[in-house]
Amino acid sequence: MTDKIRRFLRDQQPATPCLVVDLDVVGENYDRLHRLLPRAEIYYAVKANPAVPVVRLLAEKGSCFDTASIHEIDLCLSAGAPAERLSFGNTIKKQSDIAAAFARGVDLFAFDSRAELEKLAAAAPGSRVFCRVLMDCAGAEWPLNRKFGCELEMARDLMLQARDLGLDPYGLSFHVGSQQTDLEQWDIAIGRTMMVFTQLNEAGIELRMLNLGGGFPAQYRRDIPALEAYADAINRAVERHFGNRMPRLIIEPGRGMTGDAGIIQSEVVLISEKGYQENRRWVFLDIGKFGGLAETMDESIQYRIRTPHDGGETGAVVLAGPTCDSADVLYDKADYKLPTALRIGDKVEIHATGAYTTSYSAVGFNGFPPLAEHYI
Ligand SMILES: *Cc1c(COP(=O)(O)O)cnc(C)c1O
């Protein structure tokens, strides 16, 4: 909680639920990543928080952007980021959207399959393409499973095919899983991709770029290593595997850029019990899974929650959202405890919610409006 956010909440008393983001923190996160990983170019993963003030600030700082759709591309362009600084990083794109991006000057595209490569060759001829390779995402609190990426052997073949299709076989990418806390994972991933660099080199293709993806953390309930430790692990791994044949490096922080910059303020709507023998209270907030806290799915992301009664006696709770959907339970198994003094109408703060919240909130489920947002 920054002073700026505290003052805003106190003076403005905004209606809840709402997200308040301190843009200074976003700027500091950018500067820190830039300072700690000076060799890597930063492509902010827009999907984490696509708010115009965030994108504009980062564009002014010289950031590049990893975009997932033609809509995010247009958002970045209108916020002042030139097309040369955009990457169309989704491996699942309509051919018409590829053509539209190419027409706007975007020249850097991700893919992980032969069929996508053919779309790129048809709609963005000669453009720079990079192949996403599969990682198992061990150690990540929000793993990305097998939806994205292909196996190394296939990646090698696809890069050869990219050349034959008239595209520029530019590099490889991976993502070690979001909110990754096992720093070894970058070494494993960089080592594996290095092997494909070598194999392709022997086949006459000199890859020029390695995209190290996201995975940088926000501070939730569990402890995380310092950002310095992430940078160390990554710097050491690229040195070890690439030495003096260093390609251009890209990182795509989403959560690590905006997560810690935001706080959601929420209000307690109901506190109840399910029976006379129950010793767990049910605490219903005015925000739930459909109001922006989608990452509580499977209780994966466990936010820090602050109340006006912190420090007093606590008791076990189930935390749930306000909608008439039984899936709208935030934490049941994760062992949350809240002060016994908590009352209906109390304001609670949900910390480190600047990433993957507003962009996940439903447009009007049960009639609740999308999560309100304030950028200060
Ligand atoms: C979502 C995503 C990111 C951002 O991941 P974080 O873990 O939030 O940093 C980066 N790159 C790609 C391709 C993504 O899809």
(request) Mind checking which strands (runs of 3 or more DSSP E) fall wholly inside the stretch 1-81 and carry at least 3 residues that are open to solvent by less than 30 Å² (accessible area, probe 1.4 Å), closer than 27 Å to Asp346 by Cβ and among the aliphatic types (A, V, I, L, M)? (result) 18-21
(request) Could you grab the pairs with beta carbons closer than 6 Å, sequence gap of 6+ or different chains, first residue in the stretch 240-260 and over 17 Å from Gly213 (Cα atoms), second one within 16 Å of the ligand (Cβ to nearest atom) and open to solvent by 20 Å² or more (accessible area, probe 1.4 Å)? (result) Asp260/Gln219
(message) Among the numbered criteria (1) closer than 30 Å to Pro53 by Cα; (2) among the hydrophobic types (A, V, I, L, M, F, W, C); (3) touching a residue at least 60 places away in the same chain (Cβ under 8 Å), which one does Ala229 miss?
(response) (3)
(request) Any chance you could count how many residues in the stretch 315-350 are open to solvent by 70 Å² or more (accessible area, probe 1.4 Å) and either in a strand (DSSP E or B) or free of Cβ contacts under 8 Å to residues at least 12 places away in the same chain (or both)? (result) 5
(request) Determine whether Glu252 is within 14 Å of the ligand (Cβ to nearest atom), charged (D, E, K, R) and open to solvent by 10 Å² or more (accessible area, probe 1.4 Å). (result) yes
(request) Please indicate, with yes or no, whether at least one residue in the stretch 22-35 is in contact (Cβ under 8 Å) with a residue 60 or more places away in the chain and of a type in the set (Phe, Trp, Tyr). (result) yes
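This table checks each residue for (1) within 22 Å of Ala48 (Cα to Cα); (2) under 19 Å from the mean Cα position of the chain (by Cα); (3) in contact (Cβ under 8 Å) with a residue 24 or more places away in the chain.
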| site | (1), (2), (3) |
| --- | --- |
| Glu72 | yes, yes, yes |
| Leu75 | yes, yes, yes |
| Pro82 | yes, no, no |
| Ser87 | yes, yes, yes |
| Thr91 | yes, yes, yes |
| Ala99 | no, no, yes |
| Ala103 | no, no, no |
| Val106 | yes, no, yes |
| Ala110 | yes, yes, yes |
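Could you tell me which of the residues Asp157, Asp187 is away from the ligand (no atom under 16 Å from the Cβ), acidic (Asp, Glu) and over 19 Å from Leu212 (Cβ atoms)? Spell out the reasoning first.
On the way: Asp187 fails: over 19 Å from Leu212 (Cβ atoms).
Residue meeting the stated conditions: Asp157.
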(request) Report those strands (runs of 3 or more DSSP E) wholly inside the stretch 136-242 carrying at least 3 residues which are buried (at least 22 other Cβ atoms within 10 Å of the Cβ). (result) 168-173, 178-180
(message) Whether any residue in the stretch 59-74 is modelled with pLDDT of 95 or more, among the basic types (Lys, Arg) and away from the ligand (no atom under 16 Å from the Cβ) is what I want to check.
(response) yes
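The values are calculated or read from the model by the stated rules, or taken from the named source; none is laboratory data. None of these values were measured; they are calculated from a predicted model. Don't worry about glycine lacking a Cβ; one is built from the backbone with ideal geometry, like all the others, and counts go over all protein chains shown. Surface accessibility is based on the protein's heavy atoms, side chains included, excluding ligands, DNA and RNA. Shrake-Rupley method; radii C 1.70, N 1.55, O 1.52, S 1.80 Å.
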